[in-house]
Structures are given as C-alpha cells and as structure tokens.
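Chemist: Here's a structure for you.
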Amino acid sequence: MPRRIIIHAGFHKTGTSTLQATLRENRAALKKHVALRLRWHMREIVAASRGYSTDQDPLTLIKVQARFGRMINELPGMPRRTLIISSEELCGHLPGRGKLESYAAAPVLLYAYWEIVKTRFPEADILIYLSTRSPGAWLASAHWEHVKSSNMTLDFDAFCARYAGAADLSGMVSEVAARVPAPVHAHALEDCRDLPLGPAQPLLDLCDIPAEDMAALTPCPPKNSRLDADVLTAMIEANRNHKTPEARNAAKADILKKARRA
C-alpha cells in the first residue's frame, strides 16, 4: 500500500507540463521514494473527465469513476512510497473549450477520485495538490493555448471578458477544499521561479524525500512557453481566414515554424 497518495489534478497553464517533465526525467532517481501515474498512463480517464467537464452528465461521471477505479485497483504493491497521480486534465477541459466557461466540474471530479482512493487504501495519507497562477497570466496563457490548438478567433480582450471567472484559481482551490475531505495544497507558478526544481518543487516537497536525494534531482527547462504577440495575432487571423481544419492547422504550423527559426 502506498504510504501517501497525492492527486495533482490541475490547473491547466500553471507549469504542469514542466512539472510532469521533471517527474518523468527524474523517475529513476525518484523510484525508491515515489511512484508515478502521469497523463499517458491515464488516457481513458482523462478522456472521460474532459467529457464530464463539458456536460456534467451523471453517466459520464460513472465512466470516470469506473476507469479511475480500475487504474487504482490494478496498482502494484508500492509499500512506503508516495504515489503521485498527475494530469491537469483530471479536472476536465481547459475553460474556453466549446461552451465550457469554468472549472465547475473540478470539485466533483476530485471528490470522486478521493473517494475511490480512500476506499482502496483507507490507511494511506491522501492529499490534493493544485498548481495555480495569477489571473492575468493565466488568461494570457489560456488564450494562447486555445488560439494555437483550436479555431478560436477571440482576441485577448474578448477572451478576458468572457473567461475572467475561470481565472480565479485561488477561489477554485478554496471551493475544492470546502467540498473534498482531504488536505488541499496549492502553489502559484509565480512563486516557483527561483526554486531548484521549478514548479515540481512544491509537489515533491510533499513526498518527504531525503535532502540528499532531492539535491540530486535535475530540473527541466520551461515547456510550452508563449511566443511574441505578433505570432498570436497571425494565428488568430489564420483561424479567421481558413475554413477547414486542415488549412488552419497547416497555416498555423507554418507561422510557428517561421517564428521559432527567427
């Protein structure tokens, strides 16, 4: 049985890619102390959680529970280690996807995960960890992500006007803490800049790893950094001007290729 289980379920655009890359790149060094279940271990679970976030259909929640429960029941023995379950999509889609305007599904999903883990491992120490970011920085990063990966045509001001409520990540942390009977830990991306392991540091600090082993871990450079504003503008125009997904994707890939060569 794991000694401790940490559910890291969000939020998007808060350094999660860098955090998970750090865990992955250090998995051999962490193995004695930490077991990992990351996004690629949970494709069916995150697909269901995304589906639930968009419609909050009870049948989809049952699907989430069944898939998450199957993963937990199939875990090998990992005595005295900490199990980290990490994927920002365990909270569903990034707000801005279709009609999704908030993280309203997050407390329901996190309660479901907690309940399953508590039933399977009643003696384990179960924690929830949520990475956050200041509202303005989160809105800028979320807007960039949607323009890059979807057909979004909203400019930044319009995006902020529509999704300002979703950017209150601290408020959502408080709501999760009020609705899920587990300790909830949160740390802002802005406070991780000078930490040795960047955004992975506060999560790993919860694992009680000996200081000498922590010191041997290797940080990863930031992932998914935004490019200049003119690149964003060009991609919005591509979304507006190209009517088929194939044409949009090709145009945006060309924009990104040229920007990264510059």
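Chemist: Can you work out which of the residues in the stretch 8-56 that are of a type in the set (Val, Ile, Thr) and assigned to a helix (DSSP H, G or I) is farthest from GLU89 (Cα to Cα)?
Modeler: Let us first name the residues in the stretch 8-56 that are of a type in the set (Val, Ile, Thr), namely 14, 16, 18, 22, 34, 45-46, 54.
Filter once more, so that each one left must be assigned to a helix (DSSP H, G or I): 16, 18, 22, 45-46, 54.
On the way: THR16: 10, THR18: 15, THR22: 18, ILE45: 9, VAL46: 6, THR54: 12 Å.
Selected residue: THR22.
Chemist: Right, here's the next one. Regarding the stretch 179-188, can at least one residue be identified that is charged (D, E, K, R), part of a helix (DSSP H, G or I) and in contact with a Phe, Trp or Tyr (Cβ under 7 Å, 6 or more places away or on another chain)?
Modeler: yes
Chemist: So the check is Cβ under 6 Å with 6+ separation or different chains; which pairs have a first residue in the stretch 103-126 that's of a type outside the set (A, V, I, L, M, F, W, C) and a second one that's in a helix (DSSP H, G or I) and surrounded by fewer than 22 Cβ atoms within 10 Å (Cβ to Cβ)?
Modeler: Listed pairs, sorted by first residue: PRO107/GLU175; PRO107/ARG179; ARG120/ILE72.
Chemist: Also: How many of the residues in the stretch 189-199 are among the hydrophobic types (A, V, I, L, M, F, W, C) and not in a loop (DSSP other than H, G, I, E, B)?
Modeler: We begin by selecting, within the stretch 189-199, every residue among the hydrophobic types (A, V, I, L, M, F, W, C); these are 189, 192, 195, 197.
From what is left, the residues that are not in a loop (DSSP other than H, G, I, E, B) are 189, 192.
The qualifying residues number 2.
Chemist: Being over 27 Å from LEU227 (Cβ atoms) and within 19 Å of the chain's Cα centre (by Cα) is the requirement here; does ALA104 meet it?
Modeler: So ALA104 fits the description; yes.
Chemist: Within the stretch 128-136, identify whether any single residue is out of contact with any helix residue (DSSP H, G or I) (no Cβ under 6 Å at 6 or more places or on another chain) and of a type in the set (D, E, K, R), and answer yes or no.
Modeler: No, because not a single residue in the stretch 128-136 is out of contact with any helix residue (DSSP H, G or I) (no Cβ under 6 Å at 6 or more places or on another chain) and of a type in the set (D, E, K, R).
Chemist: Right, something else. So which residues in the stretch 40-51 are surrounded by fewer than 18 Cβ atoms within 10 Å (Cβ to Cβ) and in contact with a strand residue (DSSP E or B) (Cβ under 9 Å, 6 or more places away or on another chain), if there are any at all?
Modeler: Taking the stretch 40-51 as the starting set, the residues that turn out to be surrounded by fewer than 18 Cβ atoms within 10 Å (Cβ to Cβ) are 40-41, 43-44, 47.
The one that is surrounded by fewer than 18 Cβ atoms within 10 Å (Cβ to Cβ) and in contact with a strand residue (DSSP E or B) (Cβ under 9 Å, 6 or more places away or on another chain): HIS41.
For every residue, the table says whether it meets (1) under 25 Å from ARG226 (Cβ atoms); (2) in contact with a Cys (Cβ under 7 Å, 6 or more places away or on another chain); (3) not aromatic (Phe, Trp, Tyr).
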site	(1), (2), (3)
ALA9	yes, yes, yes
HIS12	yes, no, yes
ARG24	yes, no, yes
PRO76	no, no, yes
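Chemist: Given the conditions (1) among the β-branched types (Val, Ile, Thr); (2) outside the structural domain of LYS13 (by TED's automatic domain parsing); (3) in contact (Cβ under 8 Å) with a residue 60 or more places away in the chain, report the number of the one that THR233 does not fulfil.
Modeler: (3)
Chemist: Does the stretch 76-101 hold any residues that are more than 17 Å from the chain's Cα centre (by Cα) and either surrounded by fewer than 16 Cβ atoms within 10 Å (Cβ to Cβ) or at pLDDT 95 or above (or both), and which are they?
Modeler: PRO76, GLY77, MET78, PRO79, ARG80, THR82, GLY98, LYS99
Chemist: A further question on this structure: For the stretch 79-133, enumerate the residues that are hydrophobic (A, V, I, L, M, F, W, C) and farther than 27 Å from ASP191 by Cβ.
Modeler: Matches in the stretch 79-133: LEU100, VAL108, ALA112, ILE116, VAL117, PHE121, ALA124.
Chemist: Oh, and also: Of these, SER225, SER174, which one is surrounded by fewer than 12 Cβ atoms within 10 Å (Cβ to Cβ) and either outside the structural domain of GLY136 (by TED's automatic domain parsing) or within 26 Å of GLU101 (Cα to Cα) (or both)?
Modeler: None of the other options fit; the residue is SER225.
The values are calculated or read from the model by the stated rules, or taken from the named source; none is laboratory data. Because the structure is a prediction, the values reported are computed rather than measured. Positions of Cβ are backbone-derived with ideal geometry, glycine not excepted, and every protein chain shown enters the neighbour counts.
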